[in-house]
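What follows is one structure encoded as structure tokens, with my remarks underneath.
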Amino acid sequence: MSLPGVFLFSHYVESFWSTSPPLLDWSCVPTLVLAVIAVVVAVTALLTRTSDAKHSCRLPGPQPLPFLGTRWLFWSRYKMNKLHEAYADMFKRYGPVFMETTPGGVAVVSIAERTALEAVLRSPAKKPYRPPTEIVQMYRRSRPDRYASTGLVNEQGEKWYHLRRNLTTDLTSPHTMQNFLPQLNTISDDFLELLNTSRQSDGTVYAFEQLTNRMGLESVCGLMLGSRLGFLERWMSGRAMALAAAVKNHFRAQRDSYYGAPLWKFAPTALYKTFVKSEETIHAIVSELMEEAKSKTTGMAQDEAIQEIFLKILENPALDMRDKKAAIIDFITAGIETLANSLVFLLYLLSGRPDWQRQINSELPPYTMLCSEDLAGAPSVRAAINEAFRLLPTAPFLARLLDSPMTIGGHKIPPGTFVLAHTAAACRREENFWRAEEYLPERWIKVQEPHAYSLVAPFGRGRRMCPGKRFVELELHLLLAKIMQKWRVEFDGELDVQFDFLLSAKSPVTLRLVEW
Ligand code: HEM
């Protein structure tokens with residue numbers, strides 16, 4: 001409640017009691033309420049200051065308020081769905097290293113300064129601690145019937161290490177990707193066919209991101225479950241729509257649980273219920289898909305290459321069945337929106353460079369079944385993707401807890417501090433990249449200094465780096481090459497980007513795919 005609000009409340013209480021004189025003298029109640037509030041405010045302010053004092057010298061940053069920390073900014077000055085703009089503004093106001101405070105009084109240090117970022121990203125921890133998403137943690141811990149752990153994305157320490165070792169070896173192996181390439185070619189061709197049938201006569205494709213979500217779903221299910229599930233057929237099934245919507249709600253609820261009022265921690269608020277509903281929908285649909293995939297797997301011997309990951313996970317005796325299911329759910333959830341956002345951003349940025357599109361087209365062979373050598377022979381494809389990840393990555397910052405002390409800009413940051421490594425903001429700083437705000441794929445062919453390429457980390461860094469990286473890179477290369485073989489891309493105006501826990505385009509996205 002704001003200060004004028006408190007006075008109004010006190011006035012209201014007084015006038016309420018003054019209408020019928022009570023037997024007891026209640027007139028001191030408003031004063032008492034105010035006194036209690038004042039004491040609580042003073043104590044909290046004192047506690048916040050004591051926790052600040054632990055940092056040898058307070059970092060710059062917005063002023064924390066009692067109970068709210070600096071979160072009040074996201075309920076007043078900034079919009080939660082424009083978090084990337086909020087951070088850009090805060091870096092301008094407070095410099096490339098600043099501190100926020102959570103409602104619980106915990107310091108969160110944001111960094112966009114090159115040396116500090118490189119130090120955080122280089123940190124050689126064997127089991128890096130990435131702060132978990134609390135709402136996921138809370139829900140999964142309340143369902144031991146379904147979850148033996150909070151899952152690979154949210155676990156820490158030994159448990160995380162065990163899951164990571166047993167779940168991701170095949171996913172990250174170049175051999176698996178090489179085997180999956182023919183299947184990925186077929187899935188990508190089906191996606192292009194879907195785009196083709198969805199195009200209007202002038203090449204316009206409406207709701208492009210939804211079609212791409214279906215591609216993400218079909219390919220990640222193909223990889224994880226080892227079979228084709230029909231998400232790229234002309235008319236999307238109700239199931240595919242429900243899954244895509246649940247994944248979107250899942251990400252949004254995580255964003256709101258973090259930056260909004262943390263009431264869900266104390267009562268099952270609407271936000272918590274939305275989160276639970278999305279998690280349950282995803283669980284139910286993925287369980288169904290797994291059953292279908294299992295029955296297909298026992299029925300036929302083909303597609304061995306892509307059955308590898310699924311079968312190996314299912315057969316691994318070191319893992320609890322609940323962890324296997326949770327992993328497949330997490331992999332599928334992690335793979336849908338991320339791919340769609342990355343492809344939308346890539347095509348949007350490329351639409352401003354018709355010359356680079358022609359360059360890509362000229363480097364590609366005429367046939368469509370592309371192998372690794374064909375992709376290696378088209379360096380402009382890699383350059384276009386690297387540059388899109390530099391300028392507009394779907395994950396604009398990485399979260400870590402420091403495992404050793406660090407001195408940043410003269411400030412001693414103790415171990416255990418929550419750090420947000422803003423790789424995307426750093427990549428847009430002129431001291432790190434030549435003409436940093438422009439989409440210039442040529443910088444990846446002929447380097448122009450400054451060129452701090454180590455700051456480009458769209459899939460994270462170190463041992464917690466995204467295990468889907470190799471798969472997604474292959475998929476994006478293949479999709480871009482196939483699209484550029486057939487069409488050039490046009491987009492009118494500017495793309496409206498918003499923060500849904502990931503950076504995504506405000507839907508629906510309309511673009512044109514025009515024949516060469
Ligand atoms: C364009 C697509 C993708 C992007 C940009 C992306 C990005 C990221 C990022 C930034 C992280 C955090 C890394 C860190 O903290 O250092 C991450 C983690 C993760 N990603 Fe991805 N990802 C993508 C697709 C995928 C796919 C397809 C899968 C699964 C097949 C996947 C599975 C995961 C998992 C399981 C983690 C947690 C890893 C751990 O904590 O050990 N991601 N991803």
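A few remarks follow.
- The per residue volume of the convex hull around the alpha-carbon atoms of segment 128-227 is 162 Å³.
- Principal-axis tilt of helix 208-225 within the chain, Cα atoms, nearest 10 degrees: 80 degrees
- Kirkwood analysis of the Cα pair distances in segment 164-208 returns a hydrodynamic radius of 13.0 Å.
- For the chain, the per residue solvent-accessible surface stands at 45 Å², with DNA, RNA and ligands left out and a 1.4 Å probe.
- Summarising the amide proton neighbourhood of Thr204: residues at separation of 5 or more, or on other chains, whose placed amide H is nearer than 5 Å comprise Leu513.
- Segment 255-398 - percent relative contact order, Cα under 8 Å, separation 6 or more: 18 percent
- A simple spin-label model places the labels of Tyr453 and Glu315 3.9 nm from each other, with each point 7 Å out along Cα-to-Cβ.
- When both segment 454-516 and segment 247-296 are represented by their alpha-carbon centers, they are found 24 Å apart.
- Relative contact order (%) - segment 111-261, alpha-carbon pairs under 8 angstrom, separation at least six: 16 percent
- For Ala86, net neighbour charge (Lys/Arg +1, Asp/Glu -1) across residues whose Cβ lies under 13 Å away: +4
- Only lysines eight or more places from Lys312 in sequence, or on another chain, were considered; those with a Cα closer than 18 Å are Lys294, Lys296, Lys324, Lys325.
- Between the residues Phe501, Phe67, Val97, the greatest Cα displacement towards the positive end of the dipole of the chain, with unit charges on the Cβ of Lys, Arg, Asp and Glu, is found for Phe67.
- Taking only the Cα atoms of segment 417-516, the ratio Rg/Rh comes out at 0.99, with Rh defined as the Kirkwood radius.
- Of the trypsin sites (Lys or Arg not before Pro) found in segment 438-470, those in coil by DSSP whose Cβ has at most 13 other Cβ atoms within 10 Å are Lys446.
- Partners for Lys126 among aspartates and glutamates (Cα-Cα distance below 13 Å; same-chain residues under 8 apart left out): Glu158, Asp403
- The long axis of helix 238-259 is offset from the longest Cα principal axis of the chain by roughly 40 degrees.
- For segment 55-108, the pair-distance distribution built from all alpha carbon pairs, in bins 5 Å wide starting at 0, is 5, 20, 28, 29, 14, 3, 0 percent.
- For segment 59-515, relative contact order (Cα pairs under 8 Å, six or more residues apart, normalised by length) works out to 24 percent.
- Protein heavy-atom surface of segment 267-411, 1.4 angstrom probe: 59% of the accessible area is carbon and sulfur, with nucleic acids and ligands not counted.
- Beta bridge orientation in the chain: antiparallel %, DSSP, nearest 5: 85 percent
- Amide H contacts under 5 Å for His451: none, restricted to partners 5 or more places along the chain or on a different chain, H placed in the peptide plane at 1.01 Å from N.
- When the P(r) of segment 59-515 is calculated, the portion above 29 Å amounts to 49% of the C-alpha pairs.
- log10 of Debye I(q)/I(0), alpha-carbon scatterers only, for segment 402-465 at 0.28 Å⁻¹: -1.20
- Computed from Cα positions, the angle between helix 270-299 and the longest principal axis of the chain comes to roughly 30 degrees.
The values are calculated or read from the model by the stated rules, or taken from the named source; none is laboratory data. Note that the coordinates shown come from a computational prediction; the quantities given were computed from them, not determined experimentally. Virtual Cβ from ideal backbone geometry, glycine too; neighbours counted across all protein chains shown. Calculation scope for accessible area: heavy atoms of the full protein, side chains included, ligands and nucleic acids excluded. Shrake-Rupley method; radii C 1.70, N 1.55, O 1.52, S 1.80 Å.
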